[in-house]
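Report on the structure given below.
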Amino acid sequence: MSAETYAAIRLERFAPSFREGADIVRCPLTLPGPGEIRVRNRHCGINAIFDTQIARNAVDYVAIALPTFTGVEAVGVVDAIGDGVTGFAVGDATVTVRFRGGYRDANIGAESQFTKVPAATRDWLALASTGVSALLALERIGEIRAGETVAISAAAGGLGHLMVQIALLRGCHVIGVCGGRRKCDFVASLGAHRVIDYRSEDVGAVLAAEYPKGIDVAVDTVSGAIFDAFLANIAYHGRLVVGGAAADLEGRPEMVTAPRIAHSIYYKGASVRGFMNGLLTPDWPAARETMFGLYADGRIAVTFDDVPFWGLPGIYDAVERLLSGQSMGKVVVDF
């Protein structure tokens, strides 16, 4: 029996934060079984809100039985294949976006859980994970069409900066919302037609003054005042897509003194729609193909946060970096 092991982050207890609930453990490194491959991870992507909610057992569609491995997305290189595997060979680069496959040095699973990519690099990881989310949020849920006005919150983030580019490629007028000069300059450099700095501008007032016909599609991952501003300025038949609630991670009750949401959408024929990528798995392959094609043609680019993180210990810091709101672009940890 081999004594070789690999390291992984495993949720050992439910806790208020990912750091408090998850430990680095060592596990036996086994050979893949029939139909399985073994991958040595090179990079993993960070999904801090999901990680935090998993640690709290607060993700409705994921049943957690402790202990459980963590992390969603990783890219690496195949170093062993099991009997019957036909889609992979040793040395192939591959990405996985399946929960429990991200925060670990090595990953063994059915070959159907992995997608072959040209190289085990950060870019292909981001495209297969966050890129797919960006495309599906806009096109599958938001149903964007050429000529529409599209507003995107957290526009300088890993998800937001890709949505800005996709909406522009689809011929939309794009409004990006973010905080601070550096982030605003970045979103403007992507080609956004209007960038609103929520730290120095009133988002709702800007939208009301500059877009009197309203927003056709808004994608919000922040909640709070930005959600309210988008809702108040939604156009006739507009679609407000909720892709997260970063400002309301604790879910604390608020005293709301405005009319119920029905009054904001009924007479406009508008809608508020939830986007949860994990519930759209049948749409992933086509979305991946689209994103990979846009990247290969040089029509879309991926930006990564400029703070480096290394190894499994760095994942805890990367999660907290993303939650802090200071990051710009996709947050990735290198192995």
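The values are calculated or read from the model by the stated rules, or taken from the named source; none is laboratory data. Computed from a predicted model, the values in this text were never measured in an experiment. Note that each Cβ is placed from the backbone with ideal geometry, even for glycine, and that neighbours are counted across all protein chains shown.
Please determine, by comparing only the residues of region 211-228 that are more than 18 Å from G157 (Cβ to Cβ) and either in the same structural domain as G325 (by TED's automatic domain parsing) or not in a strand (DSSP E or B) (or both), which one is nearest to the chain's Cα centre (by Cα). Full working, then the answer.
Of region 211-228, the ones more than 18 Å from G157 (Cβ to Cβ) are 211-216, 228.
Then keep just the ones that are either in the same structural domain as G325 (by TED's automatic domain parsing) or not in a strand (DSSP E or B) (or both); that gives 211-214, 228.
Numbers: Y211: 28, P212: 31, K213: 30, G214: 27, D228: 22 Å.
The qualifying residue nearest to the chain's Cα centre (by Cα) is D228.
Could you go through region 128-137 and let me know if any residue there is at pLDDT 95 or above, out of contact with any helix residue (DSSP H, G or I) (no Cβ under 8 Å at 6 or more places or on another chain) and not hydroxyl-bearing (S, T, Y). Checked against the condition, which is being at pLDDT 95 or above, out of contact with any helix residue (DSSP H, G or I) (no Cβ under 8 Å at 6 or more places or on another chain) and not hydroxyl-bearing (S, T, Y), region 128-137 yields no hits at all.
Across region 89-112, the number of residues qualifying as surrounded by 21 or more Cβ atoms within 10 Å (Cβ to Cβ), touching a helix residue (DSSP H, G or I) at 6+ places or on another chain (Cβ under 6 Å) and not in a strand (DSSP E or B) comes to 2. Among the numbered conditions (1) crowded, with 17+ Cβ neighbours inside 10 Å; (2) under 16 Å from T130 (Cβ atoms), the only one that M276 does not meet is (1).
Of all residues in region 283-300, those that are of a type in the set (D, E) and free of Cβ contacts under 8 Å to residues at least 24 places away in the same chain total 2.
Looking at (1) closer than 23 Å to L162 by Cβ; (2) surrounded by fewer than 13 Cβ atoms within 10 Å (Cβ to Cβ), which one does K213 not meet, given that it meets all the others? Checking K213 against (1) closer than 23 Å to L162 by Cβ; (2) surrounded by fewer than 13 Cβ atoms within 10 Å (Cβ to Cβ), the one that fails is (1). Taken residue by residue, region 273-294 has no member that is on the phi > 0 side of the Ramachandran plot and modelled with pLDDT of 95 or more.
The strands (runs of 3 or more DSSP E) located wholly in region 229-335 that include 2 or more residues which are not hydrophobic (A, V, I, L, M, F, W, C) occupy 234-242, 271-274. Only one of the listed residues (A3, A48, A55, A8) is surrounded by 16 or more Cβ atoms within 10 Å (Cβ to Cβ), farther than 20 Å from T115 by Cβ and either out of contact with any Phe, Trp or Tyr (no Cβ under 6 Å at 6 or more places or on another chain) or of a type in the set (S, T, Y) (or both). That residue is A48.
Within region 282-307, the set of residues being farther than 20 Å from V219 by Cβ and out of contact with any helix residue (DSSP H, G or I) (no Cβ under 8 Å at 6 or more places or on another chain) comprises P282, P285, E289, G293, A296, D297, G298, D306. A single entry from G176, G158, G180 fulfils the requirement of being over 18 Å from G293 (Cα atoms) and within 15 Å of the chain's Cα centre (by Cα): G158. Which residues, taken from region 12-26, are surrounded by 15 or more Cβ atoms within 10 Å (Cβ to Cβ) and not in a loop (DSSP other than H, G, I, E, B)? Selection gives F18, R19, G21, A22, I24, V25.
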